[in-house]
C-alpha cells in the first residue's frame, strides 16, 4: 500500500506557523542542514540536491542562502504548498534556477541522479505498511552511489516516546498555548501519525540500500539522521 499526505486549505496556509509550535527546534534544525550538506558535498562544488516534500520551500531558501553552486529540485504532492514555495523563491531569489515539481518522488525520471536528498518531517505521515519502504526505494533509485540521505522526523516507540511526547505537551502549555489546541495536537500525533523506532528506521534504510545512519540531532520526539547510499 502507498500512502500520500497532501496538505490543503488551512493546513497548507498555516504550515509555516504551526510547524514552529509543534517542532520547537525547527529553525535550529533548518539552520543546521546547509552546513551538514556543505560538510559532505563541498560548498563550491556543483551538486544536485533533491528535497522530498519540499513544502513551502524552507529548505530550498536555506540552501540558496548558503551556496549558489548546487542545483536544487523540490518535489511535493501539494499544489498549495508548491505555490507558496514559488512565491518565496520569486521574492527572495527572482533569478533562481531551482525546479519545483508538484507530484511524488516516484514521478521523477530515473535517468537523472542526485548527490543528496533531504526528507524533512515527511516520513511520519506514512504508515509502516510498505508506504515508508516505497518512499525510501523511490529516493534510493534516484541517488548516485555514495549519495547522502538526510532525514528529520518524529520517531520513537513505547515508554520513551510517550515520555517525550508528554514533555512536548508540558513545554507548549508552559509557553501559554491554548490547552485545547495542545490536547488536539497531541491527540493528532498519537492517532494520525506513524512514528517508528530508530531501530526500525535502520532496518528500512538497510533494506533500501543505505548504510547505518548517524544521528545528528535529537530533541523530544524529533530526530535527524544522515545515511549514505551504498550501491
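Bear in mind that the values in this text are calculations on the coordinates, not laboratory data. Note that the structure is predicted; figures quoted are calculated from it, not measured. Neighbour counts run over all protein chains shown; Cβ positions are idealised from the backbone, glycine included.
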Which distance in Å, rounded to a whole number, links the C-alpha centroids of the range 156-215 and the range 58-98?
28 Å
For the range 57-120 the mean separation of alpha carbon contacts under 8 Å (6+ apart) over residue count, i.e. relative contact order in percent, is 37 percent
From the convex hull of the Cα coordinates of the range 110-206, what is the mean projected area in square nanometres?
7.4 nm²
From the coordinates shown, percent of Cα pairs over 34 Å apart corresponds to which of [x] 11; [y] 22; [z] 27:
[x]
What is the fewest-to-most order of 76, 115 by other Cβ atoms lying within 10 Å of their Cβ?
115, 76
Listed residues 99, 199, 166; largest mean-square fluctuation, Gaussian network over the chain with Cα springs below 10 Å, found at 199
Beyond 15 Å, what share of the Cα-Cα pairs of the range 121-171 is found? Please give it as a whole percent.
61 percent
Ranked list, fewest to most other Cβ atoms within 10 Å of each Cβ, for 221, 51, 196
196, 221, 51
On a 0 to 90 degree scale, rounded to 10, what angle separates helix 79-92 from the longest Cα axis of the chain?
60 degrees
Sequence of 125, 66 once ranked by neighbouring C-beta atoms within 10 Å, starting from the fewest
66, 125
Among 111, 80, 25, whose mean-square fluctuation peaks in a Gaussian network model of the chain (Cα, cutoff 10 Å)?
111
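What number, in percent, do you get for the relative contact order of the range 9-228 if the mean sequence gap of Cα pairs under 8 Å and at least 6 apart is divided by its residue count? Show your work: numbers first, answer last.
Working: 325 pairs, mean separation 38.7, N = 220.
RCO, the range 9-228: 18 percent.
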Given 10 °C, 1.306 mPa s and a Kirkwood radius over Cα pairs, the Stokes-Einstein diffusion coefficient of the range 82-147 in µm²/s is 115 µm²/s
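With runs of 4+ DSSP H residues as the only contributors, calculate the mean residue ellipticity of the chain at 222 nm using -39,500 (n - 2.57) per run, divided by the residue total and rounded to the nearest 500.
Details: 9 runs with 103 residues, N = 231.
Estimated from H runs of four or more residues: -13500 deg cm²/dmol.
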Over the chain, with a Gaussian network built from C-alpha contacts below 10 Å, which listed residue (61, 152, 52) shows the highest mean-square fluctuation?
61
